[in-house]
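Let me begin by presenting the structure, written as structure tokens, before commenting on it.
The values are calculated or read from the model by the stated rules, or taken from the named source; none is laboratory data. For clarity, every value in this text was computed on a predicted model and none was experimentally measured. Cβ coordinates were reconstructed from backbone atoms using ideal geometry, including for glycine residues, and neighbour counts include every protein chain displayed. Surface areas here come from the heavy atoms of the whole protein model, side chains and all, with no ligands, DNA or RNA. Shrake-Rupley method; radii C 1.70, N 1.55, O 1.52, S 1.80 Å.
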Amino acid sequence: MKKIMFIGLMLGAAAAGVYGNESGIFSFNAGQFEVFMLVESERDGSAGILVGADETILRRYIPVQGFKHTANAFLIKAPGQNILIDTGTGAGGVITEKIRSLGVRPEDINVILLTHLHADHFGGLIRDGAAVYPNAKVYLSENELRHFTVTNVNTGAVNALAPYRSRLETFRPGALADINMLAEVVPGIYPIAAYGHTPGHTIYLLQSGRARLLIVGDLFHVALVQFHVPSISATFDIDGPAAARTRQQVFSYAAANRIPIGGMHLVYPGIGMLEAYNNGNSFLFSSME
């Protein structure tokens, strides 16, 4: 397995402007789980979304030629079922076409696990008002559902969830600090509270035997900076200080326990390992490609 340190990987992607392969699909095995990272879109990134990143930090970590920002979803082939973690925006049917290319039809998706209710994560649930995944159960943190459908109504989220109303399940994600007390949402997959980005933002731990993988949703948006300085949040984070605390906690746990992470805004291959440095306050990333 070839490991590329994070800075080199990101510089290469920024310069080439490509996914890393033509398909925009990266496969990874975690025990019984076949994991496929699916790139829905890629565009030029902007460090302007970072809050509190001064020029010294930006000059140190952002290459002069710029960098790429991607939007990803994950397909999990598990024994007896097919699982999506987030659905992308749905634009152009990119995610469904990539799923089909892997031998899975939209009607073959049994479970959809949502990290949170921002449009680039739930938009692919519907097309022309109808369910794209007609046989799937949708699972979502109850805090997230309450916030975006009652407290601070997101009409897009309400509309996207409507066709799944009879198949919508809510849960209370566990705490990373109580990792041994986590409850499965589906066999081998554990939801973990990662609040800050949104009030119910959830990450998912896949565990099969000794193999593990953390799918971390929107724990970060500009990895080039936020791996090195986890205290910096983004304008998209509803509670920036809480998001920063969560990011530090999850990064520290993943690095200490050698658990690979996969991110929705991490450039191809989108899965890799973290290594702590600077007394555990900063992290290096190496891809699993």
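Among the residues making up region 62-88, those that are in contact with a strand residue (DSSP E or B) (Cβ under 9 Å, 6 or more places away or on another chain), surrounded by 19 or more Cβ atoms within 10 Å (Cβ to Cβ) and part of a loop (DSSP other than H, G, I, E, B) are 67, 86, 87, 88. Would you call residue 194 in contact with a Gly (Cβ under 8 Å, 6 or more places away or on another chain) and open to solvent by 10 Å² or more (accessible area, probe 1.4 Å)? The answer is no for residue 194.
Exactly one residue among 252, 233, 287 is more than 28 Å from residue 75 (Cβ to Cβ), buried (at least 24 other Cβ atoms within 10 Å of the Cβ) and over 14 Å from the mean Cα position of the chain (by Cα), and that residue is 233. Output yes when any residue across region 38-53 is of a type in the set (D, E, K, R), closer than 30 Å to residue 152 by Cβ and surrounded by 21 or more Cβ atoms within 10 Å (Cβ to Cβ), and no when none is. Yes, there is a match, as at least one residue in region 38-53 is of a type in the set (D, E, K, R), closer than 30 Å to residue 152 by Cβ and surrounded by 21 or more Cβ atoms within 10 Å (Cβ to Cβ).
Considering only residues in region 89-108 that are part of a helix (DSSP H, G or I) and of a type in the set (Lys, Arg), the one that is most open to solvent (accessible area, probe 1.4 Å) turns out to be 100. One residue stands out among those in region 171-187 that are under 16 Å from residue 83 (Cα atoms) and either among the aliphatic types (A, V, I, L, M) or in contact with a Leu (Cβ under 6 Å, 6 or more places away or on another chain) (or both): the one that is surrounded by the most Cβ atoms within 10 Å (Cβ to Cβ), which is 185. Residues in region 112-169 that are assigned to a loop (DSSP other than H, G, I, E, B), open to solvent by less than 10 Å² (accessible area, probe 1.4 Å) and not aliphatic (A, V, I, L, M): 115, 116, 133.
Each residue in region 197-214 was checked for being closer than 17 Å to residue 243 by Cβ and either surrounded by 24 or more Cβ atoms within 10 Å (Cβ to Cβ) or among the acidic types (Asp, Glu) (or both), and 7 pass.
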